[in-house]
Amino acid sequence: MATPPLPPATQRLVGLFLIVSGGLMGLGLLLKVAVGAYSWNAGSPESPSALLLTVNLVALLASGFLMRWGLRMRRGTSTHRDPNADEIL
């Protein structure tokens, strides 16, 4: 059984929280990536590996998707398709 949709005011508030959390996550990860890239370029002994830098970049991409999800919730656009619609996929 599917859960009922949120009321519009609650949906906009949740969307705002998602946008803010994605923005703060992105800001923190941008700083981590900048420090990691600088120390990797400098070649210091305690520099993070390329794998750690890659994980931070993927997480930065995830923060962008989180902000996109929040924008969709605030706008109220639904991505759910009607399975009974007579349309070509």
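Here, each number is a calculation from the coordinates, and none is a lab measurement. What you see is a predicted model; the values in this text were computed from it and never measured.
Things worth noting here:
- The HN-Hα couplings worked out from phi for the stretch 14-30 by the Karplus form 6.51 cos²θ - 1.76 cosθ + 1.60 (θ = phi - 60°) are 5, x, 5, 4, 5, 5, 5, 5, x, x, 5, 5, x, 5, x, 6, 4 Hz, whole numbers, x standing for Gly and Pro.
- For the stretch 50-58, putting each phi into the Karplus relation 6.51 cos²θ - 1.76 cosθ + 1.60 with θ = phi - 60° gives couplings of 5, 5, 5, 5, 5, 4, 5, 5, 5 Hz, in residue order, rounded to whole numbers and with x for Gly and Pro.
- Taking 0.36 nm per residue of sequence separation and removing the Cα-Cα distance, the Arg72/Leu6 pair yields an extension gain of 22.4 nm.
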